1. Condition check: within 12 Å of the ligand (Cβ to nearest atom) and crowded, with 19+ Cβ neighbours inside 10 Å. Does SER216 satisfy that?
2. For LYS358, indicate whether it is surrounded by fewer than 16 Cβ atoms within 10 Å (Cβ to Cβ), away from the ligand (no atom under 16 Å from the Cβ) and more than 24 Å from ALA423 (Cβ to Cβ).
3. For ALA200, state whether it is in a helix (DSSP H, G or I) and touching a helix residue (DSSP H, G or I) at 6+ places or on another chain (Cβ under 6 Å).
4. Of all residues in segment 105-142 being within 32 Å of the chain's Cα centre (by Cα) and part of a loop (DSSP other than H, G, I, E, B), which is surrounded by the fewest Cβ atoms within 10 Å (Cβ to Cβ)?
5. Residues of segment 417-456 being loosely packed, with under 13 Cβ neighbours inside 10 Å and modelled with pLDDT of 95 or more, which ones?
6. Please determine, by comparing only the residues of segment 191-207 that are within 16 Å of SER259 (Cβ to Cβ) and touching a residue at least 60 places away in the same chain (Cβ under 8 Å), which one is nearest to the ligand (Cβ to nearest atom).
7. Being among the small types (Gly, Ala, Ser) and either outside any loop (DSSP other than H, G, I, E, B) or modelled with pLDDT of 95 or more (or both) is the filter here; which residues of segment 256-276 pass it?
8. Kindly establish whether ALA252 is among the hydrophobic types (A, V, I, L, M, F, W, C), in contact with a Gly (Cβ under 9 Å, 6 or more places away or on another chain), within 13 Å of the ligand (Cβ to nearest atom) and in a loop (DSSP other than H, G, I, E, B).
Amino acid sequence: MKICVVGTGYVGLVGAAVFSDWGNDVVGVDINAEKIERIKKGDMPIFEPSLSEIVLKNISEGRLSFTTSLSEGVKKSDIIFICVGTPQSEAGDADLSFVWKVAEDIGKCLDGYKVIVVKSTVPVGTNEIVKKKIKENLTYNVDFDVVSNPEFLREGYSVEDMRNPERTVIGSDSEKALSIMRELYSHLERPIVECDLRSAEMIKYASNAFLASKISFINEMAQLCERSGADVSTVAKGMGLDSRIGPKFLNAGIGYGGSCFPKDVSALYKTSTNQDYDFRLLRGVIEVNKLQREYFVNKISRYFDGNLSGKTIGVLGLSFKENTDDVRESVAMGVVKHLRGLGAKIKAFDPEAMYNAKKVLGEVSVDYCLDKYEVMHDSDALVILTEWKDFSNLDLDKVKSLLKEPVIFDGRNVLDRKKVESAGFVYFAVGKRTNGTELLDKKSSSGSGVILRDGK
Ligand code: UGA
């Protein structure tokens, strides 16, 4: 099939690569000429396992090309995917300006029947407006259909997810468009959900909001476990064995981040208020996520008697999760800024995200280290903020010899409590009573033996 993919971000670039790898002729389009030149040389603008190899292979085999000309891409293709960004607007809803612009431009150069597929995450009702905008901008009197085909890729695993999605959602009111989309995905062995445009749009938001709710739920459970002496990891394991609950997305930590969950949960909440409905649960999910990181920073501050000035904190992890260089809406970055604001000096290391972190943190002074052990050298405490696998196998004797004080704050529960404590560390985790929790309880002037969420 002949496919045009507009936008070469995570979704568009991975989509273009995988569609071409399936044997289709694909043109990737982006307005950023520098980015297009980099991609053509196999220099990927994002860190995504195996992406560069697939792109180069399909370019050299003549199935994949890139251009800055939308009209060239549209004219060569039968299916046009819109994969541009829908960032959060100041008001908290999705900023659709890129989608509108692409829809108008597609309308201007549409030269025959084509299927226009919206893959960008867009609020309910958007596809109908895309249809209208294309129609209003048509130069030639041609027919077309609009399809909603949301993506469910996880960063760091996006090639794998694109190749073998657990489900494919296709929303359309046109049987002709549906049959074209069925053909594109015909080799997939997992379910295809065919539905109307609005339901397809909503499936995407409902999925992300539900996963975010799972995380906020387990983070609230973590608060309760820490107070009551239960261990949240064990509780999550016990819960997850129930197939109705499932084991995934039950890792307590410092909250969810990234370019999707925060913006999508916020946009869905905005959609609900726009429909005169107060989605109370989502309000709670957002609030819990914000408090979770504050609670973590409070613990660090309380350990140092509320005075972080002059203290050096060694930080492991800056990306919003493991296996990515993406720092957008990263909770780790938020914690670093917060600790700096409280006067701490920061030494930080991340296996992939240092370059992006430097760009984003800009003025915020951070000492970027070359490896995970360098951050510990002469630091007053070690703080783990991202769940990179490589942080779970620290040489504890080495860590102890490097730190000024043997203290670890594990914001992602990547370490084994028993091992860390028996190696002589004061250890803080999320949702478990540790020797660190006991110590803070003793320090607590209230004598209540309870660490309150707001740190009082
Ligand atoms: C998420 C969804 O998982 C994808 O299905 C979706 O396609 C994508 O958003 C999107 O809308 O484009 P992603 O943003 O790559 O994917 O990240 P996740 O793996 O979902 O993690 C999100 C955040 O939740 C991370 O900060 C992670 O650390 C946190 N998390 C995840 C937890 O705190 N606990 C968990 O148990 C799982």
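1. yes
2. Numbers: surrounded by fewer than 16 Cβ atoms within 10 Å (Cβ to Cβ): yes; away from the ligand (no atom under 16 Å from the Cβ): yes; more than 24 Å from ALA423 (Cβ to Cβ): yes.
Considered against the rule, which asks whether it is surrounded by fewer than 16 Cβ atoms within 10 Å (Cβ to Cβ), away from the ligand (no atom under 16 Å from the Cβ) and more than 24 Å from ALA423 (Cβ to Cβ), LYS358 comes out as yes.
3. Considered against the rule, which asks whether it is in a helix (DSSP H, G or I) and touching a helix residue (DSSP H, G or I) at 6+ places or on another chain (Cβ under 6 Å), ALA200 comes out as no.
4. Top of the filtered list is GLY125.
5. Those that are loosely packed, with under 13 Cβ neighbours inside 10 Å and modelled with pLDDT of 95 or more: LYS418, LYS419, SER422, GLY424.
6. LYS204
7. Once the filter is applied, which keeps residues that are among the small types (Gly, Ala, Ser) and either outside any loop (DSSP other than H, G, I, E, B) or modelled with pLDDT of 95 or more (or both), segment 256-276 yields GLY257, GLY258, SER266, ALA267, SER272.
8. yes
The values are calculated or read from the model by the stated rules, or taken from the named source; none is laboratory data. Just so it is clear, the structure is predicted and the values come from calculations on it, not from any experiment. With ideal geometry, Cβ positions are generated from the backbone for all residues, glycine too; neighbour counts draw on all protein chains shown.
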